[in-house]
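As structure tokens, the structure follows; a few thoughts come after it.
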Amino acid sequence: MTESFWVMEAVRDPSGQICDFRVVDCNLVAASRARLSREQVIGMLYTQIYAAAIESGMVERMRHTFETGETFDGEIAVQAPELAMRHARLKIFPLGTGVAILSEDITARRRFEQERDGFFELSVDMLCIAGMDGVFRRVNAAWQAALGWSVDVLTSKPFMEFVHPEDRARTIAESAKLAQGDLTLAFENRYAHKDGTYRVLEWRAVASPEHEVIFASARDVTEARQAAQIAIRDLAERKKLEQRLVHAERLASLGTLAAGMGHEINNPMVAVVANVSFSADAARTALRALETANPGPEEIGEATSQIRGVFGALEDAAKGADRVRRIVQDLRRFARAETAASVLIEVPAVLEAAIKLIDHELRPHARVVREIGTTPFVMGDEGQLTQVVTNLLLNAAQAISRGTPDENEIRIRTFTDTAGRAVIELVDTGCGMTAETLARIFDPFFTTKRIGEAMGLGLAISHNVVLALGGEITATSAPGKGSTFKVSLPPARMPQKTQTIQIPRIAHTQRANVLVIDDEEVVTRSMQRILGRMHSVEIASDGASALALVARTWFDIILCDLMMPQMSGVDVYESIAASNPEQAARMVFMTGGAFTERTTEFLATIGNRCLLKPFTAETIRGVTAEVITLGTAAT
């Protein structure tokens, strides 16, 4: 539940008039938005929580609802405890000696709508939203300024009636391409002006098929239609376009990777599925043999043989599952968001991850030869650097004819140059490039491939990523002699070691209290099996249940899922830390890898361990023993 819920009782002044309302009950969302705990909020006056409640008319609305019995359903603006103006969607209805309030914070939505509408109406560009039915749903004021037609006229009939008859077929074709998912970046056609002339418009557009609309911007370029290029006037617009194209290139790369990922994952999954099925059948056979009235040596021998087979099969299944886990880790590294925080990067690990991701694309073209030398750590976004190496490897493979791997190679070297930089050098035996092509390889949209095979953005994006990391990327090539790409990156500043505080230790051999919090029952059952023989294990399927257990029991370690419905792992930690910081210090978080901006910042602030799923039984036992022994989950 994301809405705030309050139950209030009316408070009267000495004259008997209602002057305020006191909190009788509320949910955790309401207390959190008041920046107080639920216990602190209950009993407070509403004006103590929201100082501007009287000026905003909120108290008067509650009084009116209480006295008249009329439900209020609408929006208000109120001064929040952090002194920011908040907008809320409210329902106030009478309840006993007071009122109940259901409130949804719509501040972000209102801010977005205001900024969107302001941008839309104030832009000097001709912005519009058109339906797939060929009618403008909305146009801004710039259209009337450019063409003379009123907004009502422009939105009252199909936009094709404004297009010059000679340009209609091309316009229909371009609209069809948009509907199929293509971008329109520089399409021109002529639109009728109210004075009887035609104006040449240049278009940029993108379609949203699921909403059946086209978002577009147009410029009147009548006087400059002969210009070879028209500069993008607004820097913010250029940035948005660049981000969209970077995303498109990332998706294109992922599409290439996906072709081989099914094969790479399905092979180890055969080991997992087949061996688990075999183990289940063998276990049933052994159990039947042992459940006979008086099992003899033959039955016991058969059961023993079956159990040995189960052990072997489960070992093979574990190896297959671990292989899938490593593939998923490599994909996670590649697919991280562009805004991911900078981290220390080990260059050889990035190279290996990139090679494994596209090994199925490289093998038909060439042998990959590694010459891995010592390099310093670098600082940056690991996903972006993986994309750079992936782009260079794909370019090298595509420069070599398919089916000749024994005759060709892609050689990757890493070393430290005289300036102390980490260097990645990639040399291929492909067809090479002419001087004219080499001069343009880092230009956006430049490609030597056929239309539809590539966007011409891979090397341009790689160039920008390397520059953003403070490095440089260069290339040398000649026709028939292959190509060499060199990426040089500055070394990272290694963090200073911090002094650790000595804390009392607990012998890890003792039986300890363990709490596992996860909304996935299969996870909690697995953890209970792994840890249950050595420790006393309690499980909770949600944050509220976990807090109830913590309130009455001390736990030597708490293993908590980070992303849960209703109450996240962050919320659980904050609730525990508020009353028992020593208990919160023993929390270890678990996640499948879905990090939000809030969770990333949270983990960086508190410093507690966070385990990426899936993990092995050995890993969870080791972490449990360490936390019990050290008395803290800090890394």
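The values are calculated or read from the model by the stated rules, or taken from the named source; none is laboratory data. This structure is a prediction, so every number in the text was calculated from the model and none was measured. Here Cβ is always computed from backbone atoms with ideal geometry, including for glycine, and neighbour counts include all displayed protein chains. For the accessible areas, the whole protein counts, side chains as well, though only heavy atoms, and no ligand, DNA or RNA atoms are used. Shrake-Rupley method; radii C 1.70, N 1.55, O 1.52, S 1.80 Å.
Against the test of being under 20 Å from the mean Cα position of the chain (by Cα), surrounded by 14 or more Cβ atoms within 10 Å (Cβ to Cβ) and at pLDDT 90 or above, the options Phe589, Phe595 yield a single qualifying residue, Phe589. Of all the residues in segment 133-145, those that are of a type in the set (Gly, Ala, Ser) and in contact with a Leu (Cβ under 8 Å, 6 or more places away or on another chain) number 1. Yes or no: segment 51-60 includes at least one residue that is modelled with pLDDT of 90 or more, assigned to a helix (DSSP H, G or I), farther than 19 Å from Thr2 by Cβ and not acidic (Asp, Glu). No; the residues of segment 51-60 include none that is modelled with pLDDT of 90 or more, assigned to a helix (DSSP H, G or I), farther than 19 Å from Thr2 by Cβ and not acidic (Asp, Glu). Do we have any residue at all in segment 358-367 that's at pLDDT 90 or above and open to solvent by 50 Å² or more (accessible area, probe 1.4 Å)? Within segment 358-367 (the criterion being at pLDDT 90 or above and open to solvent by 50 Å² or more (accessible area, probe 1.4 Å)), the answer is yes, since at least one residue qualifies. When segment 559-575 is filtered for residues that are in contact (Cβ under 8 Å) with a residue 24 or more places away in the chain, in a helix (DSSP H, G or I) and closer than 14 Å to Asn608 by Cα, the ones remaining, listed by number, are Gly569, Val570, Val572, Tyr573. In summary, Thr339 fulfils each of the numbered conditions (1) over 20 Å from Thr416 (Cα atoms); (2) within 21 Å of the chain's Cα centre (by Cα); (3) of a type in the set (Ser, Thr, Tyr); (4) at pLDDT 65 or above with the single exception of condition (4). For Arg190, the conditions (1) closer than 26 Å to Phe119 by Cβ; (2) of a type outside the set (A, V, I, L, M, F, W, C); (3) crowded, with 18+ Cβ neighbours inside 10 Å are fulfilled apart from (1).
Could you check, for segment 394-406, whether at least one of its residues is outside any loop (DSSP other than H, G, I, E, B), of a type in the set (Val, Ile, Thr) and either in contact (Cβ under 8 Å) with a residue 12 or more places away in the chain or open to solvent by less than 30 Å² (accessible area, probe 1.4 Å) (or both)? No, because not a single residue in segment 394-406 is outside any loop (DSSP other than H, G, I, E, B), of a type in the set (Val, Ile, Thr) and either in contact (Cβ under 8 Å) with a residue 12 or more places away in the chain or open to solvent by less than 30 Å² (accessible area, probe 1.4 Å) (or both).
Taking the criterion of being at pLDDT 80 or above, open to solvent by less than 30 Å² (accessible area, probe 1.4 Å) and closer than 19 Å to Tyr50 by Cα, the residues of segment 77-129 that qualify are Ala88, Leu90, Ile92, Gly98, Val99, Ala100, Ile101, Ser103, Ile106, Thr107.
Comparison of Ala30, Ala34 shows that the only residue that is touching a Ser or Thr at 6+ places or on another chain (Cβ under 7 Å) and either of a type in the set (A, V, I, L, M, F, W, C) or closer than 23 Å to Glu104 by Cβ (or both) is Ala30.
When Ser401 is tested against (1) at pLDDT below 90; (2) under 16 Å from Thr484 (Cα atoms); (3) not acidic (Asp, Glu), just one condition goes unmet, and that condition is (2).
Matching residues to (1) under 31 Å from the mean Cα position of the chain (by Cα); (2) open to solvent by less than 50 Å² (accessible area, probe 1.4 Å):
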| position | (1), (2) |
| --- | --- |
| Leu515 | yes, yes |
| Ser526 | yes, yes |
| His535 | no, yes |
| Glu538 | no, no |
| Ala551 | no, no |
| Ile557 | yes, yes |
| Asp561 | yes, yes |
| Val572 | yes, yes |
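Closer than 20 Å to Ala544 by Cβ and without any contact (Cβ under 8 Å) to a residue 40 or more places away in the chain: is that true of Asp25 in this structure?
yes
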